[in-house]
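Worksheet for the structure shown next.
Throughout, read-outs are computed from the coordinates displayed, never taken from laboratory work. Source: prediction; values computed, not measured. Note that each Cβ is placed from the backbone with ideal geometry, even for glycine, and that neighbours are counted across all protein chains shown.
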Amino acid sequence: MNARLLLFMCFAASLAAQASDQERAFELNEKAVAAAAAGKLDAAVDLLEQARRIDGTTAALRTNLGMLLVQRAQAHLGAGRSVVAEADARRALELIPGEAAAVAQLMELLRRRGELAAARRLVPESGSDAASDARVLSAYAQLAYDEDALDECVATATAAIAAPNAALLIDTKGLGRLLARWKNEAESERGFLREASACFVVKHQSSAERARAQEVLQAALKTATELEMALGERPQRALVIVLLPRESYLRTTGAQEWSGGLFDGRVRIPLERREHEADELRRTLKHEMVHWFVRTLAPGCPTWLNEGLAQQHEARSTQAPPLRKADIKKPLRDAPKEWNLLQDRTEVELLYRHALGFTAWLLQQHGDGAVRTLFQSLREQHSFEASFARAFGMAQDEAERSWLATLR
C-alpha cells in the first residue's frame, strides 16, 4: 500500500477516535449535570472525572469539574466535614485558578481552624477578580472580626454588600444584620484598653477594670489548659475576650436579657454588680471557652452537645434543678439549631437542662475520652450519628432513652 495513503488512513482513524472520545466525554458530562441537579454530587464528580480521563484537553470539562467540586466543598463545609471540604476546594482552585467561591470556602475553613494568617494570604494570592468578589469580601470581613480588626471588618463587609451581583452571591440581608452589629461593636469598643498574652486578649472599658481584666486573663490561661486535657488540642489562634457593661452588651450583641455571655468568634461577657461576681465571671468564661474549643475541634457538633459540655465544664450541674421524665417533650435530635434566637425563656431553660442532664450522664458513663473519640471521628469526616455510636457504643436515640429511664 502507498505509504502516503497509509499515513492518511492512520491520521483519519486518529481523528475519528478523537471525535469518538469527545462524544463519550460529553455524554458523561451530560450525565454529570443531571446527577448534580438531582443532588448526587459524588456521582456527578465521578462522572466528570471519567470524562476528564477520556478527554483531558477540553476546557469546559475542566471548568465543570471545578465548579462541581466547589459545590461539593460547600456541602461538606455545611456538614462540618472540613478535611474533605478543603481537599475539594483546593482541587477546584487547581482546575480554575482564582475561582472566588473556592477561595471564600478555603478562607472560611482556615478561619475556623484558627489559621488566620494563612486565610488572609489567600486573597492577594488569588488575584484582583477574586479579591473584589462579594463571597471573598464577606469571608474576609468575618476573618477581620476574629482578628479584632473591627474597622477593617466593617469596611470589608460594606464593600461585600456593594460588590457587583452581591445579592446573587451572598446573603446580603444576613450580612447587613451582622454589619449593623459590627458597627455598634466598633463604636462601643473604641478606645478600650487591652490586657494580652500570646493566647488571649482581654479588652475592657477603662483603667478601673484593669485588675478584673487581668484576673480574666489568668483565668483564661488556666481554663485553656484544663479544657485541652478534657477535650483535646487547643485552638491555634488567639481568643479575644471583651468585658462590657450589661447595657452595652445587650445593645451591641442583640442577646436576650437572660444571656450571661456570648461566643461568636470572640467572647463577650457582661459585667455585673453582685456579691459573687468573680465566681460567676469565671464560670461564664469557662462556658464560652468550651464553645471556642468545640467550634475548632468539632464544627459538626450539634448545639445540644455543645451547650451540654459548656454547662458541665462550668459546673452548672450543681445548680440546675433535677429534671423529671415528664419535662422532656421531644428528643434532642429535634432541638432547634440556634438556641440564641429563642424568645421563650422557659423553653430555653428546659433545653439547657435537658442538654446538661443527658451530657452529664454520658460523661458519667463513658468519661472525657469518649468525647475526644467523638471529636476525632468528626474530624475524620464521619457523620455525627456514626461518630456518636463509635464514641458511646450506641445510637444517640438509644442512649437518650437509657438516660430517660433513670429519671423519675
Among the residues of the range 97-122, which ones are surrounded by fewer than 20 Cβ atoms within 10 Å (Cβ to Cβ), part of a helix (DSSP H, G or I) and over 16 Å from the mean Cα position of the chain (by Cα)?
ALA117, ALA118, ARG120, ARG121
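Going through the range 328-341 one residue at a time, which ones are free of Cβ contacts under 8 Å to residues at least 60 places away in the same chain and part of a loop (DSSP other than H, G, I, E, B)? Break it down stepwise before answering.
At the first step, the residues of the range 328-341 found to be free of Cβ contacts under 8 Å to residues at least 60 places away in the same chain are 329-330, 334-339, 341.
If the condition is that a residue be free of Cβ contacts under 8 Å to residues at least 60 places away in the same chain and part of a loop (DSSP other than H, G, I, E, B), then LYS329, LYS330, ALA335, PRO336, LYS337, GLU338 are the ones that fit.
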Determine whether ALA370 is surrounded by fewer than 18 Cβ atoms within 10 Å (Cβ to Cβ), in a helix (DSSP H, G or I) and either at positive phi or touching a Phe, Trp or Tyr at 6+ places or on another chain (Cβ under 7 Å) (or both).
yes
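Of all residues in the range 212-257, how many are of a type in the set (A, V, I, L, M, F, W, C) and within 17 Å of GLU277 (Cβ to Cβ)? Spell out how you get there, then give the answer.
To start, the set of residues in the range 212-257 that are of a type in the set (A, V, I, L, M, F, W, C) comprises 213, 216-217, 219-221, 224, 227, 229-231, 238-244, 250, 255.
Filter once more, so that each one left must be within 17 Å of GLU277 (Cβ to Cβ): 213, 216-217, 219-220, 241-244.
The total comes to 9.
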Going residue by residue through the range 240-253, is there one that turns out to be surrounded by fewer than 16 Cβ atoms within 10 Å (Cβ to Cβ) and among the polar types (S, T, N, Q)?
no
Looking only at residues that are surrounded by fewer than 19 Cβ atoms within 10 Å (Cβ to Cβ) and of a type outside the set (S, T, N, Q) in the range 56-77, which one is nearest to the chain's Cα centre (by Cα)?
ALA75
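Among helices (runs of 4 or more DSSP H) lying entirely in the range 169-287, which contain 1 or more residues that are under 30 Å from SER377 (Cα atoms) and touching a His at 6+ places or on another chain (Cβ under 9 Å)? Before you say what the answer is, go through the steps one by one.
Details: elements: 172-188, 210-231, 246-253.
Per the criteria, 210-231.
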ARG52, sole failed condition from (1) in contact (Cβ under 8 Å) with a residue 12 or more places away in the chain; (2) closer than 19 Å to ALA163 by Cβ
(2)
